[in-house]
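The values are calculated or read from the model by the stated rules, or taken from the named source; none is laboratory data. What you are looking at is a predicted structure, and each value in this text was computed from that prediction instead of being measured. All Cβ positions, even for glycine, are placed from backbone atoms using ideal geometry, and neighbour counts span all protein chains on display.
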Amino acid sequence: MDNNQPIIIKRVKRYAAGHHGGSWKIAFADFATAMMAFFLVLWLLSSATPEQKKAISGYFQDPIGFTESASPYVIDLGGTPTPAPDKTLNPQIQAQPEADETRISPQDEAKVNADQAENIAEKIEHERLELLLQELQNKVDENPTLKRFKDQILFEITQDGLRIQIVDSENRPMFDLGSARLQPYFEDILLAMAETIRQVPNKISISGHTDAKPYAGNGDFGNWELSANRANAARRALEAGGYPENQIARVVGYASSALFDRDKPLNPVNRRIDIIVLTKKAQRAIEGQDGRADKPQDGTAPVPGSAAPAGALAQPSNGQGEPLPPDQLKQKLNLFDDGGTLKLDELNRQQ
């Protein structure tokens, strides 16, 4: 018998496993971009100054005023934008005052730089004088002749330079009584010191002093003439030791006007010779180059403390509490040229 029933075929459409279209990728990319922009804005707000925040706020309130005034950029790329007060659409936006009033003029800036350079030069010069002091101290300690008289050789750093005072003692006078004739041992002291002092380019001042006892002799000759003659005798001894004549800034006699021991005017220590290795500032004052009145170096306040005998004064050290060896001292003293300028190349090489 014939089979007339229709045949029905079902076809099932199959999809690949895990494939659901690509629209979610676009949405995720938009979300990631938005989050990046959001965190970037948070970072900018946290790092921006109050002035920059105010400028950003003004830009969004009035972009026209910003774009026509200075810079079209909200972020400061070389000049913070400010709204133009004559073109802004928002009357609440106030123009920021310019900072010209707080700027330093070229003249003031040059003065500041000159003051800084002078301060640096003074510090370097102070260090050089301390090194010279230690070199002289080492010479006193090493030289048997000088070591015998170290109680009569006083060193101190003053605001005018390194002062070297050679004083009389009761039994060891530097000069013949009432005369400018040097005793042999005092001449040896000056000759030995001349060799060391000439290592630095600073000029020196030499002054002679007497005690308060009136000079017994010719009425036309007194302690003033005697102190000046003794200072000149010390100058001649230094020159005989090789010290250049053109490095002597002044030779002067003070008689008894600047006593070492004011409580005892007749004390032998008041009879002394002062040699001051001058700073550049003190030298200019003596030579009348800085406009201030000249003053006697013997009235200068020590920096720090008062005069101390050779061997008793604190000395520059090598950083471990020990004095620098003589060879290192000489090496440091050679860091300065004949004009007193620091040789930076040599300093860098040693460091």
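Can you name every residue in the stretch 156-188 that is more than 28 Å from L266 (Cβ to Cβ) and of a type in the set (A, V, I, L, M, F, W, C)?
I157, L162
Somewhere in the stretch 159-175, is a residue touching a Leu at 6+ places or on another chain (Cβ under 9 Å) and surrounded by fewer than 16 Cβ atoms within 10 Å (Cβ to Cβ)?
No.
Which number in (1) loosely packed, with under 14 Cβ neighbours inside 10 Å; (2) of a type outside the set (G, A, S); (3) over 28 Å from L129 (Cα atoms) marks the one condition that N246 misses?
Status for N246: all satisfied but (3).
Just give me the residues in the stretch 144-182 being in a loop (DSSP other than H, G, I, E, B) and more than 17 Å from I275 (Cβ to Cβ), in sequence order.
Of everything in the stretch 144-182, those that are in a loop (DSSP other than H, G, I, E, B) and more than 17 Å from I275 (Cβ to Cβ) turn out to be R148, S169, E170, N171, R172, P173, D176, L177, G178, S179, R181.
So is L259 touching a Pro at 6+ places or on another chain (Cβ under 9 Å), outside any strand (DSSP E or B) and either in the same structural domain as K280 (by TED's automatic domain parsing) or of a type in the set (D, E, K, R) (or both) or not?
yes
Specify the residue that is surrounded by the fewest Cβ atoms within 10 Å (Cβ to Cβ); the eligible residues are those in the stretch 189-231 that are more than 28 Å from P265 (Cα to Cα) and of a type outside the set (A, V, I, L, M, F, W, C).
Step by step, filter the stretch 189-231, then rank; the result is E195.
Please go through the stretch 242-256 and give me each residue that is closer than 16 Å to K203 by Cβ and not basic (K, R), ordered by number.
G242, Y243, P244, E245, N246, Q247, I248, A249, V251, V252
The rows are residues; the columns are (1) hydrophobic (A, V, I, L, M, F, W, C); (2) in contact with a strand residue (DSSP E or B) (Cβ under 8 Å, 6 or more places away or on another chain).
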| position | (1), (2) |
| --- | --- |
| G219 | no, no |
| E225 | no, yes |
| N229 | no, yes |
| R236 | no, no |
| P244 | no, no |
| V252 | yes, yes |
| A258 | yes, yes |
| D263 | no, no |
| D274 | no, yes |
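Can you confirm whether R172 is more than 34 Å from the chain's Cα centre (by Cα), among the basic types (K, R) and in the same structural domain as L226 (by TED's automatic domain parsing)?
yes
Looking only at the stretch 219-260, filter to residues that are among the charged types (D, E, K, R) and at pLDDT 90 or above; which one of those is nearest to V167 (Cα to Cα)?
Result: R230.
Contact list please: Cβ distance under 8 Å, first residue in the stretch 53-67 and modelled with pLDDT under 65, second residue loosely packed, with under 15 Cβ neighbours inside 10 Å, pairs at least six apart or on different chains.
Between residues of the stretch 53-67 that are modelled with pLDDT under 65 and residues that are loosely packed, with under 15 Cβ neighbours inside 10 Å, the close pairs are G65/K87; G65/L89; G65/N90; F66/P72.
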